[in-house]
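Nothing in this text is a laboratory measurement; each read-out follows from the coordinates by a stated rule. Fair warning: this is a prediction, and the values are worked out from it, not measured in the lab. Quick reminder, even Gly has a Cβ in these numbers, built from the backbone with ideal geometry, and neighbours come from all protein chains shown.
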Amino acid sequence: MNVLEAIFTRRSIRKFTGEPISEEDLKTILKAGFQAPSAHNFQPREYVIVRDKKTIERITEFHKYTKMLPKAGCGIIVCGDKDKQPEIGFLVEDCSASIQNMLLSAHGLGLGAVWCGLYSVEKLTKAMTEILELPDHIIPIGMVVVGIKDEDKDSVDRYDESKIHFDKW
């Protein structure tokens, strides 16, 4: 699948078969995350792979939009290291670019994936920090839930010329 096809056909998938994804596919998705651009090339991203059933259950208890996680292959929590990138806006942007790369790579591999937000909702970041025992300088930004998809969705054209401005508003 070429990059434009991936961009124009990727959809959030929330239904999974329950089968694990291969280690090779997981590594490809993570490598895609590492390839994302990074402000000042500080590379503040860290990843926590969650497969443990008890941990997954705890996540679904505090985050109402992760109900699909138990049937997915895993959750990838994308975190930012404040020691590497103290500018929080850049930290969030770097992690978000990484998440988008991972979503597109999962789609390119024929897998399903969905982005579950964490930052900047304090109750979500606090609970995830506690469950994953993250150090103080690590902020959970978002989670990519990925797995063998059990649904297909048609692509949606979201292009909107009314939101395009040239040179000034």
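Close Lys pairs in region 59-135, defined as Cα atoms under 23 Å apart and 8 or more places apart or on different chains, number 7. Each residue of region 101-115 was assigned a 3J(HN,Hα) from its phi angle through the Karplus curve 6.51 cos²θ - 1.76 cosθ + 1.60 (θ = phi - 60°); the sequence is 4, 5, 4, 5, 5, 4, 4, x, 8, x, 8, x, 7, 8, 8 Hz, with glycine and proline shown as x.
The residue list 33, 80, 18 was ranked by how far each Cα lies along the charge dipole of the chain toward its positive end, using unit charges on Cβ atoms, and 18 comes out on top. Counting only Cβ charges, +1 for Lys and Arg and -1 for Asp and Glu, the dipole size of the chain around its Cα centre is about 400 debye. Average projection, convex hull of the Cα set of the chain: 11.2 square nanometres. With the cut-off at 1.5 for a/c, could you classify region 114-169 from its C-alpha gyration tensor as rounded, prolate or oblate? Oblate, since a/c reaches 1.5 and b/c is not below a/b. Shown in residue order for region 82-99 are the 3J(HN,Hα) couplings computed by the Karplus curve 6.51 cos²θ - 1.76 cosθ + 1.60 at θ = phi - 60°: 5, 6, 8, 9, x, 7, 4, x, 5, 4, 5, 4, 4, 5, 5, 4, 5, 4 Hz (x for Gly and Pro).
Could you compute the FRET efficiency for residue 19 and residue 154, with r as their C-beta to C-beta distance and R0 at 30 Å, rounded to 0.05? According to the calculation, E is roughly 0.80.
Note on residue 165 and residue 39: with the Förster distance fixed at 25 Å, the Cβ-Cβ geometry gives a FRET efficiency of about 0.55. Across the chain, Cα pairs under 8 Å and at least six residues apart give a relative contact order of 35 percent. What's the FRET efficiency of residue 3 with residue 137 using the Cβ-Cβ distance as r and R₀ = 45 Å, to the nearest 0.05? Efficiency, from the Cβ-Cβ distance: 0.85.
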